[in-house]
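Enquirer: Quick one: the structure is below, questions incoming.
The values are calculated or read from the model by the stated rules, or taken from the named source; none is laboratory data. This structure is a prediction, so every number in the text was calculated from the model and none was measured. Note: ideal-geometry Cβ built from the backbone for every residue, glycine included; neighbour counts use all protein chains shown.
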Amino acid sequence: MRKLVITSLAKEDTKNVLEFIEAKWGESSRMKFSNKLNKNLNLIAFNPELFPKSEINNRIRKCVISKQSSLFYTFDNYEIKVLMVFDTRQNPNKVTKIK
């Protein structure tokens, strides 16, 4: 199995999204989102080709977590790298800056 690496940007994005959800809709909504995120990370860990390539960059895959959020990642033979957790309420130009 490949090693799952979460970049500092993805960690910060996740923290911000979770804080926003909790402030807006409460702890139970935060937990639901967190569970969806973890479920999708497990799916990616077992089958990184499961989700489609991003329209922005074909080396990057996009996993839709909810209507408002997506996870972007890359992978090779050794690791899966989570690059960003994108909240659609953010500036859409931020996605084009994924590295």
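Enquirer: Kindly check whether there is at least one residue in the range 31-50 that is of a type in the set (F, W, Y) and touching a helix residue (DSSP H, G or I) at 6+ places or on another chain (Cβ under 6 Å).
Expert: From the range 31-50, those of a type in the set (F, W, Y) are 33, 46; that's our starting set.
Within this subset, residues satisfying the condition of being touching a helix residue (DSSP H, G or I) at 6+ places or on another chain (Cβ under 6 Å) are 33.
Yes, the range 31-50 has at least one match.
Enquirer: Quick one: in the range 65-88, which of the residues that are loosely packed, with under 15 Cβ neighbours inside 10 Å and touching a strand residue (DSSP E or B) at 6+ places or on another chain (Cβ under 9 Å) is nearest to E19 (Cα to Cα)?
Expert: T88
Enquirer: Find the residue count for the range 1-12, including only residues that are loosely packed, with under 11 Cβ neighbours inside 10 Å and not in a loop (DSSP other than H, G, I, E, B).
Expert: Residues meeting the conditions: 2.
Enquirer: Turning to a different aspect of this structure: For the range 41-53, give me the residue count where each residue is free of Cβ contacts under 8 Å to residues at least 24 places away in the same chain, within 24 Å of L18 (Cα to Cα) and in contact with a strand residue (DSSP E or B) (Cβ under 7 Å, 6 or more places away or on another chain).
Expert: Summing the residues that are free of Cβ contacts under 8 Å to residues at least 24 places away in the same chain, within 24 Å of L18 (Cα to Cα) and in contact with a strand residue (DSSP E or B) (Cβ under 7 Å, 6 or more places away or on another chain) in the range 41-53 gives 1.
Enquirer: If a residue counts only when it is under 20 Å from M1 (Cβ atoms) and within 13 Å of the chain's Cα centre (by Cα), which strands (runs of 3 or more DSSP E) contained entirely in the range 13-88 have at least 3 such residues?
Expert: The strands (runs of 3 or more DSSP E) meeting that bar are 69-75, 79-87.
Enquirer: Against the definition (at pLDDT 95 or above, under 19 Å from D76 (Cα atoms) and exposed (fewer than 11 other Cβ atoms within 10 Å of the Cβ)), how does E27 come out, yes or no?
Expert: No; evaluated as a whole, the condition is false for this residue.
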